[in-house]
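The values are calculated or read from the model by the stated rules, or taken from the named source; none is laboratory data. As the structure is a prediction and not an experimental result, all values here were calculated from the model. Backbone-built Cβ (ideal geometry, glycine too); neighbour counts: all protein chains shown.
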Amino acid sequence: MNKSHRNRKRPWGIFLAIILAILFGSYVGKDGGLLGVSFYTIFDTLGTIFLNSLTLVVVPLVSSSIISGIARIGGEGGFGRLGIKMFTFYLGTSLLAILIGLFFVNLIGPGNAHIVPPISAAEPSQLTQLKEQIVEGQTLISVLVSIVPSNILNALTHGEMLGLIFFSLIFGYAITKIDSHSASVLKGFFQGIFQAMIHFTHIIMKFLPYGVFCLVAKVFMVSGIGSLESLGLFFLTVVLGLMVFSLVGLPLLLKYVARVKPMRHFKAMSPALLTAFSTSSSSATLPVTIDCVEKRAGVSNRICSLVIPLGTSINMSGSALYECVAAMFVAQAYGIDLSFTTQFLVVFMALVTSIGVAGIPSASLVALLVILRVIGLPPEGIGLFIAVDRLLDMCRTTVNVFSDSCCAILVARSEGETQVLAHDIVESP
Ligand code: ASP
């Protein structure tokens, strides 16, 4: 067994790194340092370099995987069927997540407790930044328009995933319509880029535990476990919702619809889940997710190369749940009437805006401003829970990634793939 293979099989290093980082980060706080250099600066720098190295792979990986995937499937005329299945699972799982969130926020009523602190002095600057983002056009309409970029190079350099995906889908389909010699040259070319990017990912994954340590320690140095105390009820509601969705809802789908063992899937996905938790970015986790779904869960490249990149951009079940709970929380805290219409509006908006949420840290906050505006609440409402947003981001990103991987399993099984999760994952000692 070669070394990179062994690395892929061992998530314990990453797990240990997370535990040590939580302890270390909470203990030293933001001011701790060594020889005059603050730990925060050190971890921030190393963490950013690590995150950059993962993000570096995303654009070539997404485009090559979708183009080569569609070029292969489009020729068989199977994309229509696959597309319908993918979108049904994406929307179905996100709606399920939102309804679970809605149930818990009504049951627990975290905003009714009136224990929420007012906006703190440090927060307005972040709020202003978010408002500017909205003013700059991060609205629903602009998300819709960004699906069709006017310049693909511009979309590539700005990492505009929806535009990139749209271009790749059509480009891949166009390949199936040209003469066979040119088509096979292009297919080979993009398949080659895809494989090289996967190897690139394996190289980065060797540094995973160290990168994870820096990123998690940094978060806990700033947020600290203390921030949980004042917002405990809100934190609890979100975490409970996310847990029920990912530990009950999705496993039931895996067991009864996909007919696979949910535990095996958790094991197979553990490196990707831990990476998502540490990076708070499903986009940056994408290379690791593809690797786990294909190599550890055994989904074919044909399905994985489409379902995972698309899901990473549009299937944000964890974020959708969070948006619903957070909007309801603010509504409760402001004491507004939570009629059926308001709740329906929150559910609908959480579903729609989660599609446009980018796979980057704190992206949900922008979507939340849109929802608050629609239900007539002041944007300042965000200040009620912003202190715990970063910690909850880690949790919802993990759920986003897990939900994408479950969709890949569901689609693969419905396409008759029998090798999916057929064997137990044997972790090396
Ligand atoms: N951080 C999340 C992700 O990357 C998006 C969000 O909800 O803020 O999936």
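Worth pointing out:
- Hey, residue 398 assigned to a loop (DSSP other than H, G, I, E, B) and of a type in the set (Ser, Thr, Tyr) or not: no
- Tally, over the stretch 363-379, of residues that are more than 12 Å from the ligand (Cβ to nearest atom) and assigned to a helix (DSSP H, G or I): 7
- Flag for residue 341 being β-branched (Val, Ile, Thr), away from the ligand (no atom under 16 Å from the Cβ) and in a helix (DSSP H, G or I): yes
- Odd one out for residue 384 among (1) touching a Leu at 6+ places or on another chain (Cβ under 7 Å); (2) more than 27 Å from residue 146 (Cα to Cα): (1)
- Tabulated pairs, the stretch 143-168, first among the β-branched types (Val, Ile, Thr), second outside any helix (DSSP H, G or I), C-beta under 9 angstrom, 6+ apart or interchain: 145/137; 165/147
- Residue 246 vs. criteria among the hydroxyl-bearing types (Ser, Thr, Tyr) and modelled with pLDDT under 95: no
- Every residue from the stretch 344-357 that is hydrophobic (A, V, I, L, M, F, W, C), within 14 Å of the ligand (Cβ to nearest atom) and buried (at least 24 other Cβ atoms within 10 Å of the Cβ): 350, 357
- Of all residues in the stretch 385-418, those being away from the ligand (no atom under 12 Å from the Cβ), touching a residue at least 40 places away in the same chain (Cβ under 8 Å) and not hydrophobic (A, V, I, L, M, F, W, C) number 5.
- Residue match in the stretch 291-307 (condition: surrounded by 24 or more Cβ atoms within 10 Å (Cβ to Cβ), closer than 19 Å to residue 204 by Cα and out of contact with any strand residue (DSSP E or B) (no Cβ under 6 Å at 6 or more places or on another chain)): yes
- Residues satisfying the stated conditions in the stretch 287-338, i.e. within 15 Å of the ligand (Cβ to nearest atom) and not in a helix (DSSP H, G or I): 315, 316
- Scan of the stretch 232-266 for residues that are loosely packed, with under 15 Cβ neighbours inside 10 Å and outside any helix (DSSP H, G or I), ordered by number: 259
- When each of 382, 360 is tested for being among the hydrophobic types (A, V, I, L, M, F, W, C), touching a residue at least 60 places away in the same chain (Cβ under 8 Å) and more than 9 Å from the ligand (Cβ to nearest atom), the lone residue that passes is 382.
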